[in-house]
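Single-structure report; data block below.
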Amino acid sequence: MFKEILRQTLVLIKPDALKNSLTGYVLSLLSEFHTGMCFAGAKIVHVSKMLAEEHYSEHKGKIFYPSLIDYITGRIHYPDEPQKRRVIAFVYQGPDATKTMRDICGPTNPHIARETQPGCIRSLGTIVPLKDGNGNIIGERMDNLIHASATDSDAEREIKLWFKPADIPPSMRAYPTVINEEHYYFKSNRLYMTHEPGSVCLLAPGDIVWKTDMETIRMIYQGAPVLTRS
Ligand code: GTP
Ligand code: MG
């Protein structure tokens, strides 16, 4: 009933924004006063390589992909301070959530953002040349301070990737959830319902799970292959 009317999007404050102490400024621009949107979830995340690669899987194989992964995992801006490598992740909720947030972020490329939309968040970003081992410029990295989901379906995928249902107040969960009733352990691309030496406990009885994730887990348990994006 209420699920249909919730419009949500994932926003990430990226490591360059944190490094340059722009978090407060960015959050002011995103405030309910300016955007009509409010928080449904917020967390500080140490971004694993696996999470980064899943989040940006559409860019795998592109020349800037390795530097994009290093950027979002914080390795670029905190090379010697691994404890500071993090992003701040938000679920924002409000009318036309994806479009509203994308508009205030501005174009992906900070140079274009400055030319075409001065004052947008990404107009404060930078472009960094990428060099090969010999010092030749082979591309560029766009340090653009903020991520916002591009479409409603991207928002759903990304919110479910970055947030567990329990991270979001029950009345603000936009997607259906279920309560898991089994133990699930994961090891070497296989699921088990009993503990195997070296396995990781994915789910325990009572855990609240996105319904689509539960369906996927059940299918994998029944023998469906674990899909990895190529
Ligand atoms: P995100 O909010 O970070 O997802 O940016 P976006 O949706 O505006 O752009 P997209 O998803 O296409 O790209 C993800 C990230 O990859 C961008 O934020 C950039 O850092 C980087 N990127 C995208 N396109 C290019 C490109 O053509 N060249 C370079 N060097 N980097 C790119
Ligand atoms: Mg994107």
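The values are calculated or read from the model by the stated rules, or taken from the named source; none is laboratory data. All figures in this text were calculated on a predicted structure; none of them were measured in a lab. Using ideal geometry, Cβ is built from the backbone for each residue, glycine included, and neighbour counts are taken over all protein chains shown. Heavy atoms of the whole protein, side chains included, go into the accessibility calculation; ligands, DNA and RNA do not. Shrake-Rupley method; radii C 1.70, N 1.55, O 1.52, S 1.80 Å.
Every residue in the range 102-124 that is under 15 Å from E158 (Cβ atoms) and out of contact with any helix residue (DSSP H, G or I) (no Cβ under 7 Å at 6 or more places or on another chain), please. Show your work before the answer.
Pass one, the range 102-124, residues under 15 Å from E158 (Cβ atoms): 102, 105.
Residue satisfying the conditions is R102 alone.
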T116 versus (1) under 21 Å from P66 (Cα atoms); (2) among the β-branched types (V, I, T); (3) open to solvent by 70 Å² or more (accessible area, probe 1.4 Å): which is the lone unmet condition?
(1)
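Restricting to the range 122-140, name every residue that is within 15 Å of ligand 2 (Cβ to nearest atom) and more than 18 Å from the chain's Cα centre (by Cα). Lay out the reasoning, then the answer.
Going residue by residue through the range 122-140, those that are within 15 Å of ligand 2 (Cβ to nearest atom) are 122, 125.
Passing the criteria: only G125.
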Among (1) open to solvent by less than 70 Å² (accessible area, probe 1.4 Å); (2) closer than 27 Å to L6 by Cβ; (3) not basic (K, R), D103 falls short only on (1)
Qualifying positions in the range 1-51 - over 15 Å from the mean Cα position of the chain (by Cα) and among the polar types (S, T, N, Q)
N20, S21, T23, S28, S31, T35
Within the range 48-97, how many residues are open to solvent by less than 60 Å² (accessible area, probe 1.4 Å) and touching a Leu at 6+ places or on another chain (Cβ under 9 Å)?
19
Just to be sure I understand the filter: pairs with C-beta atoms under 7 Å, separated by 6 or more residues or on different chains, first member in the range 60-74 and free of Cβ contacts under 8 Å to residues at least 60 places away in the same chain, second member not in a helix (DSSP H, G or I). Which pairs pass?
I69/Y56; D70/I76; T73/V47; T73/R85; G74/V47; G74/R85; G74/R86
For the range 49-79, how many residues are within 20 Å of T126 (Cβ to Cβ) and not in a helix (DSSP H, G or I)?
11
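If only one of M219, M214 is modelled with pLDDT under 95 and not basic (K, R), which one is it?
On the way: M214 fails: modelled with pLDDT under 95.
M219 is the lone residue from the list that is modelled with pLDDT under 95 and not basic (K, R).
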If you scan the range 15-59, which residues turn out to be on the phi > 0 side of the Ramachandran plot and either within 13 Å of ligand 1 (Cβ to nearest atom) or free of Cβ contacts under 8 Å to residues at least 40 places away in the same chain (or both)?
S21
How do the strands (runs of 3 or more DSSP E) wholly within the range 127-214 filter down when requiring 2 or more residues that are within 16 Å of ligand 1 (Cβ to nearest atom) and open to solvent by less than 40 Å² (accessible area, probe 1.4 Å): which remain?
137-143, 146-148
